1. Nothing charged except the Cβ atoms of Lys and Arg (+1) and of Asp and Glu (-1): what's the magnitude of the dipole of the protein assembly as shown about its Cα centre? Round to the nearest 20 debye.
2. When you have a sec, figure out the Kirkwood radius of segment B:3-137 from all distinct Cα pair distances and drop it here in Å to one decimal?
3. For segment B:66-140, max minus min Cα coordinate along each principal axis, in Å, sorted largest first?
4. Going by Cα centres, segment B:3-19 and segment B:166-188 are how many Å apart?
5. Ranked highest first by average number of other Cβ atoms within 10 Å, how do B:51-59, C:407-415 line up?
6. Can you show me the helix-derived [θ] at 222 nm for chain C, built from DSSP H runs with n ≥ 4 at -39,500 (n - 2.57) apiece and divided by the number of residues, rounded to the nearest 500.
7. Give the Cα extents of segment B:168-276 along the principal axes, in whole Å, largest first.
8. Can you pull the percent of Cα pairs in segment A:200-255 with separation above 13 Å?
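What follows draws every value from the coordinates through simple rules; no lab data is involved. Nothing here was measured: the structure is a model prediction, and the numbers come from that model. Positions of Cβ are generated from backbone atoms using ideal geometry, with glycine treated the same way; all protein chains shown enter the neighbour counts.
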Amino acid sequence: MGLAAAGVRAHTGGGRGSFLTRYVLRRLLLAVPTLLGIVVLVFLLVHLAPGSPVTARGAEGGRRVSARAAEEMKRLYGLDRPLPERFGAWISRVARFDLGESFVDRRPVSTRIKEALPYTALLNGTALLLALALAIPLGVAAGGRPEGPFDRGSGAVLFALYSLPSFWAALLLQTLFAVKLRWLPLYGVASDSYGGAPGLGDRLAHMVLPVTCLTYGTLAFVARLVRSGVAEAREADYVLAARSRGLSRRQALWRHALPNAMLPVITLLGLLLPALLSGSVIVERIFAWPGLGRLYFDSILARDYPVILGLSLLGAVATLLATLAADIVLALADPRVKDGMLQ
Amino acid sequence: MSAARRLWKSLPVSGRVGLLVVVALWLAAAISPFFAERAAEIRLDERLLPPSGAHPFGTDDLGRDLLARVIVATPISLAIGVTAALVSLFIGFLIGGSAGYFGKAADLLLSRLIEVVLCFPVLFLLLALAAFLPPTPVSVVLAIGLTTWPGDARYARAEILKFRDLDWARAAKVAGATPARILWRHMLPNALPPLIVSAAFGVAWSILAEAALSFLGVGLSPPAVSWGGILSAAPAFIEEAWWMALFPGLALFATVASYNALAEGLRVATTEKGGA
Amino acid sequence: MNRAGRLGLALALAGTLSCRAREMARVPAPTPPPAPPPAALGYLDEQTGATPVFGGTVRRRLVADPATLNPILQSAVAEAQVIGLLSRNLLDYDRTLRLVPGLAESWQVSSDGREFLFRLRAEAVWEDGTPVTPTDAVFTIRTAASPEAGAPIFGPLFEGLESVQAAGPRAFKVRFREPYAYREMAFVMPLLPEHLYRGKNLARAPQNRRPLSNGPYTLESWKAQQSLVLVRNERYWGPRPPFDRVTFQVVPENATAYAMLLRGELDETGIDAGTLARTNTDPDFGACCRAIEGYTLDWSYIALNNRSPFFADARVRRAATMLLDRGAIVRGLFRGRARVISGPFAPESPAYDANVPPLPHDPASAARLLGEAGWSDDDGDGLRSKEGRDFAIEILVPSGNEIGRQIVETLAAGLGAGGIRAAVRSLEWNAFLEKLDSGDYEAAALGSSAADANPDPYFLWHSSQWPPAGLNNCFSKNAEVDGLIDAARRELDEGKRLALLHRVHALLNADAPAIFVANTTQKHAFRRTVRGLVTSPLGLFGTWPGPAGWWASPQPASAPTPAAGGGAS
C-alpha cells in the first residue's frame, strides 16, 4: 500500500490509459445484463399484480372502473398475448420511454414522475449534502483519535441514529417541534403555495423536519465509514511521511488520510440512491411531501400499476447509472485501479 | 456453558448490553400471553388516557392499555424478524454460495442477479410484494426475505470464494461429493460465523421492515398486534396522545438497537478470533 | 338511481377521502363530556335577507387533488367542491331540499311520470360565449347513460332511459321506460359543452383538466397536488357571486388544515369530532374562527355478506348487530354527536320511521341467537363453529378511514366476546370495492353519504341490485322488501310512499342485512369573516348557491359561535 502514498498526485504512466479504458469498458459491459435484468424483473412485477391473468377473476365481477383498468392493463402489457411476444412489446415500450398512462388521472406516467421529481430531488439532495458535510468532519475527528473520548461518544450516538426508525423519529420530531413547541410546521411543502410565491423562510421551515429524518441515517452510515477509513489510514506510511515533513496532524488527516478514506464512500454513493428513495417513501408520506416516494406509495395503495412499474424501473436504472458513475469516478481517483491493480 | 461464557467474554460491552436486552425481550415475549386479554379489551370510555399508575403507557384510541399492547406485540415482531432473516439468509446462501462455488459463468450470472435486486429501492419492492400478497405473517416474512437476500448473498459469495481453493474443499470434491453436499456440509459450517453476524443484523433490519410495512398499513392486520401497527394509529392523534407514538416506538428502537449491538459485538468477536 | 346511490359507490369514496383526512377521529379529553341532546343542533341561514359584500378572495381547502374536473366523471368530494363552482346544474336543491331552477328555468312531468320536458334559460352561456343549448343537454345525458362512458355517479342515474331529444331551440325532452317517484332528482346534474367534447374520448379529453365553465367562477390555474385558483367568470349569466377569487389548497391532513385556519392561511376546513370539542375551549380558535355542525343525511353501516355461509341466517346477522355496542360508539367515538339508527335512512329523512327502535346491545341474546342458528362452541376453545366450520371472518375497511377502522375494531372485539373470531383488513378503495362487488368478503365498513334527498332503498337493498348490476353489496334478498320497494318507486303520492318505506325500514331492522351503525354530523370551521353560510341536511355544499353565495364581511360573525350547542336557525 505504500504505492498509494506516492500515487495520488505523482502518477503518469504509459499503461494507465489502457488499463483505465479497459476497466471502464468492462464495467459498462457488465451493466448491460444488469439493465436487462432490471427490465425483466419489472416485467415480472406486472404479473404479480392483481388484474393480471393470475387474478383475472376479480375483474369479471368488478365495477366499470376496475374493468376499465383491466382493459388498460391488457392494452399496455398485452396480457392476452403469449409470453415472448408480450416481453418483446414490453422491451420496445421501455426503449421508447413509454411508461403508459396512470390509472388514477389518465395522464402519462412520465408527466406524473416529472411533477414529483423536483420535490424528491430537493429533499434528498439537501439531505445528502448535509449528511456528507456533517459526516466527513465527524468521521475525521473520530478516526483521528480512535477509541478517544470523542470517538467513543460520537460512535455511540451514531450507532443509536443508525438503529432509529425514521417513521418513529418523524413522529417524535413532529410531536416536539410542531405540536408542543409550535416552531415548525407539521407537514406540507409550504403554507401559502397559491396566489404568489411562498416565502423562502416558509419553504425552508417546511423542509427542516423531513430533511432531518432523511439525513441522520446517511450521516451515521457515512460517518462510520469515514471514521474507519481515517483510523486505518492515519497509521499508513504516507500519512506518517506527511507528518514527518512537518504537516500538522490535522493537515495530514485532511489532506492525506481523508482522500483515501473517501474511496469506499464513493463506491457506496451509488447505492445510497435506492436507500434514499426507500426513505422518501416513509418520510414523504408522513410529511405530506409531493415527491416520488409519496407518488409510489399512493400508487401502491391505488394499484396504479403503470406508475408503480414506471417508478420501479426508473429507480433501478438510476441506481445502476449512479453505481456505474461511482465506479468510474473511483477508477479515476484510485491509483490502484489506474495502475491495473484492481480488476 | 463454557461456550456461552466464552461468547460472553469475547463480546465488547455494547454487545453484552445488546445480548442482555435481546434476552429480556424474549422473556417479555414468553410472558406476553398473560397480557393478551387486556391488550385486546376495548373500553370506549377510556380512550386516549395519558400514562398513569393504572396505564403506565397510557391508552390508545380505543381505550386499550398500551403497555399490554406493546408487550403482546413483542413475540410477533421478534418472530417475524428472526424468520425473515433466516429466509433471507437461506436464499442468500443458496445464490451467493453457488456463485462463489461454481464461479465462471454461474458467478457472472448470479452476481448480475444480486446486482439487479440491489438496484431497486428495497422499500419499493417490499411494498409491491406486501401490498399484492394477502396480509398474513407468512406474506410479510416472504416479502422481507425475498427483498433482503442480496446482502447475505454477497457475504456468502465472499466467504465461499475464500474456501473454494482450500485443501479440504478440493479433497471433498475429489472424493466425489456433490456440490450441494460440499456447500451444505463443508462450507456452510465454515462460513457460519460471518453468516451469523449477517443474520443478526438481518434480524434488526427485518424487524424494522415489518414495522415500516405495518406502519404504512400494508403489513399485519389487526387484531394481530405489532409495534408498527400500533404506531400507525399514532399520527392521527399526534396532537393529543404523544404516548401512542412514544412507547411502541421506544420498544422498536430498543429491539433494533440491541440486535444491531449484538451483531456488531459478534462481528468484533469473530474477526478478532479469526485474526488471532 | 339517486345520488343516495352514490352512497355505496362514489359516496363511500367521500368516506375514504374524509377518513383519509381523519374526520372525526380526534378525541382529546380523557373523560367524555355529557352529550348534549342532538336535537339542539339546528341549521343556519345567513343568506336570506342579508346584503352580501362584494370582492376579495376566499381560501378553501381540498382533502385531495381532483382526479378530473369532467363534471360527468366526477366521483370524489374534492372534485364536487370545485366543479360545483364551475358548472351549474339543470336543477338545484334549496335549503329546504326542494328542487329549484338551475340551468333549466322550468320543467314539466308527464302525467304517467315517464317524460320530462326541460326549458333552458335563454341567458345561460358557456364562458367562451356559446349558449348552453339542448344539444349540450342531449349530448350529456346520452353520454352519461352510455355504459362505455363509465360515469360513476350519473351513469346509474339514467339507467332505464328510453329517449332524449331536443324539443325546440331551448327545450329538450327526456323519456324513461318506467315511472319513478324520485326521478326528478337525477337532474341535479351539470352539463358538458357538446362543441368541445363531441367525438372525443370522454376520459382523455383535455377539457377534463381545463374545464369550460358555465357557472359563477372559471378555472385560472391548477397546480397538481397543490392548488387550484378560480376567478369570477365574467360571462356568468346569473347573479354576481360575492367573492372575486376562490383558491383551493390541497391539504390532505386535518391537523395541518386546522393549523392553517388558525394562522389565517385558510378560511374554511372540515374538522373532526375531537377538534370540534377542542374549539369550544381554545381561545385562539374563538378569537378568529367559528365552528358549524349539523346533522346530515349520512349514515354508516357494516355490510354483511348475506350469501356467505356465516351471514346467510338472519339470526346470525341480528346477533352480530347485538354484539356491537353502538351506544358506546356514539358516546366514545362520536362524542355524542351521532344517533344510533335502526334502518337504512338518516333520521332527518322523512323515510326514517322513528318508531322502529334499534336492536339493543345484548350479548346474552346474541349468544342465544347464535346457538339457535347452530353456531356453538362445542370444543370449548372460545370459538363457535358449525358443521366443522369455525366462525372466523375478516372485516374489511377502506385504508385511511380512521373512524371506520375504530368502529370495525370495536366490532371485532364485540364479536370476539361472542365467540366469533374477526380479523380486520384495511384495503385501498379500489381493491376494497373489488372485493365487495365480487362478493369475496364477509363484512365491510361502508358509509352512505347522500348528496341528494332521495331516500330510495332500491339501490342498496333490492335483490335485483346485486353487483355488478347495482350496489346491493350485502347480497340481501327478501321478497317482501323487494315488493315494498318496487311499490314505493311507482307510488307518486308522497304520503303513501313514505308509509311503504317505513315498512321497509322495520323489515330491514328485523332482517338485519347489515349492521346499521349511526347517523352523523357535518363539522366545519370558518374564519369569522366568512358570512353567508347556509346549512341543511345536505350540509354546507349540497344546496344552491352554497359557497357561491358566501362573502367576506368587514364585521366578522360575533360570538357566541353557533357551533356545538346549536346553530342559529
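1. For this selection, approximately 3760 debye.
2. For segment B:3-137, the Kirkwood estimate is 19.1 Å.
3. Projected onto the principal axes, the Cα atoms of segment B:66-140 cover 55, 23, 18 Å.
4. Spelled out, the Cα-based centre of one part sits 32 Å from the other.
5. Highest-to-lowest ranking by the protection proxy: C:407-415, B:51-59.
6. Counting only the DSSP helices, I get -7500 deg cm²/dmol.
7. 69, 32, 15
8. Here the tail beyond 13 Å accounts for 69 percent of pairs.
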